[in-house]
Structures are given as structure tokens and as C-alpha cells.
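Presented below is the structure to which this report refers.
Any read-out appearing in this document is the output of simple, stated calculations on the displayed coordinates, not a laboratory observation. Note that the structure is predicted; figures quoted are calculated from it, not measured. With ideal geometry, Cβ positions are generated from the backbone for all residues, glycine too; neighbour counts draw on all protein chains shown.
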Amino acid sequence: MSALLIMIGAILVFIAVLPLFFDKCHAGMAALFALGALFVLHGLFFDTLLPFFAAFMVVYVLFVVWLIVLSMFFIVFAFKNASLPCYFDVILVLGCGIKGCILSRTLKLRLNKAMEFKKTHPKAKLMLSGGMSKGADISEAHAMRKYLVKKGLSEDTLMIEDEALSTFENFAFSTALIGDKKVLAVTSVSHTYRAYLMARAAGLDIRICPAKEPLTMFFTNYIRELIAVTMFFMFGRIV
């Protein structure tokens, strides 16, 4: 039993640490690392902690139940919003952190997805939303514009919102520039439901479309989103 706990913990710690080579640290990584460390310590001191085994099992079971319930909720939401509107005026791309002027793989995948929609909706404009994040030399929005221009898109089709520092601000600030138009927002798969909540909190009723995200970061990103959504439901906290 102790060996199994150590093995599970080591796997969780590895999954938590892996994204550090590709992305900045965030709550999902810390939470997963803490859980993995708990498993490892439980395995190392299994005999000593045996009197508290029931308490540990309660923690593990509650974590699994929480994970399953919210995951099912996310899946139902994804299927419910799978179909896209036949027409939209603006494709809103939500930014995420960059290093210097370099876009993360996550952000590139969002932009690539937006370009796919742009091909089938040539009259739609792209709204790029994202301010100056920590460790960046330029705003996320301007970094996105440079990437898209290099890909062949005309600057005339690109709109910039370069002040937002959160998902809620992405929607709130972009709305002031977009006005009353039909909007499709593009973000990563794991971020889709929280983006929907933030859009509603900002008073918007728009479609959220998921883009792929790197497998190296998906699980920790997903845990982060589960934590954020839980905080929103419990405390109404917008993150």
C-alpha cells in the first residue's frame, strides 16, 4: 500500500512540475504538487500514520468526488455549446501569459483556431484581448497581432484591447470596443467554462469556442480551472 501511494504521488508531482518548462507557475500546478506530496508523505510514513488512515481516505474521496462532479458539469457544458452560430461579426481571442515577446504554445493554439474561423467568416474581425502580463515586454494583444500579421492576416482586420489582466476584464474591456455585435470568443478547452461564467458576469451572452491546448499543461490547467470555478460558486469571486 505504501509503495502504491508513493508511486501515485510521484506521478502527480511529475505532472505538476512538467509545465514549469513550458509555462509560468499557477494555482493548478501548486495544488497538484501539494496533493502529490501528500501521497508521497503518506506512503513514506504509512505505518506511523496508520491511525489516521480514515482521515486520509476522506480527503482522497472528497477530492475524487469534487473532480468527477465538476468534470461532468464541464463535459455537459461543452456538448451543450458544441454547435457554432452561423454568423458572427467578431472573433474575440482571450490572451494568456507571454514571456518577453514570445507567445506561449497555448496562445498560439488559440490564435490558430481563430484563424480557422476567419477563413470561413472572412468579414469577421479579430479582437485580440490581453494587457501587459508579468515577465512580458509588450502587451499580449500586441504580441498576438504580430503573430497574426506574420501569418498573413491584414492589420485592418485586427482590433486591439491591451488593458485586460483577467478573464473578466477581457470581456468587460472588449465589449466597450466591440459594441452590440455578434461575438465568438476563442479560448483553451480547460478555460471554456470559466470564460463563459466571466462573460455572463460582464453582462454578455456570447458563444465560447474551445481551442486545443498542450497536453503537457492540460491537467494542471484543468485543476486550476476547477479551483477557480469552485471559488466562484462558493464566494462569487471573479478570478
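The table that follows gives values for the structure above.
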| read-out | value |
| --- | --- |
| Rough spin-label spacing in nm, given labels placed 7 Å along Cα→Cβ, for T120 and E155 | 3.0 nm |
| Mean separation of Cα contacts under 8 Å (6+ apart) over length of the range 2-80, as relative contact order % | 34 percent |
| 5 Å binning of all Cα-Cα separations within the range 90-235, expressed as whole percents from 0 upward | 2, 10, 20, 25, 22, 14, 5, 1, 0 |
| Residue-span extension gain [T216 to K181] - 0.36 nm each, minus C-alpha spacing | 9.0 nm |
| Pairwise label distance in nanometres, L18 with S71, each label 7 Å out on the Cα-Cβ vector | 1.5 nm |
| Nitroxide proxy distance, nm - points 7 Å out along Cα→Cβ at M7 and A34 | 2.7 nm |
| Charged-residue dipole, Cβ positions (Lys, Arg, Asp, Glu), the chain about Cα centre, Debye nearest 20 | 640 debye |
| With at most 15 other Cβ atoms within 10 Å, longest stretch of the chain clear of loop trypsin sites (Lys or Arg not before Pro) (DSSP) | 25-122 |
| Amide H within-cut-off set for T187, under 5 Å, with H built and near neighbours excluded | C209, A211 |
| Percentage relative contact order, the range 108-236, counting C-alpha pairs under 8 Å, at least six apart | 22 percent |
| Where chymotrypsin sites (Phe, Trp or Tyr not before Pro) in DSSP loops with at most 14 other Cβ within 10 Å are excluded, longest remaining stretch of the chain | 88-239 |
| The range 2-80: projected area of the alpha-carbon convex hull, averaged over directions, in nm² | 6.3 nm² |
| The chain: DSSP helices with Cα axial extent of at least 18 Å and average Kyte-Doolittle hydropathy no lower than 1.6 | 2-17, 27-44, 53-80 |
| Highest-MSF residue in the chain out of N221, N170, N112 [GNM, Cα springs under 10 Å] | N112 |
| Amide hydrogen neighbours beyond the local backbone of I160, cut-off 5 Å, H modeled | L128 |
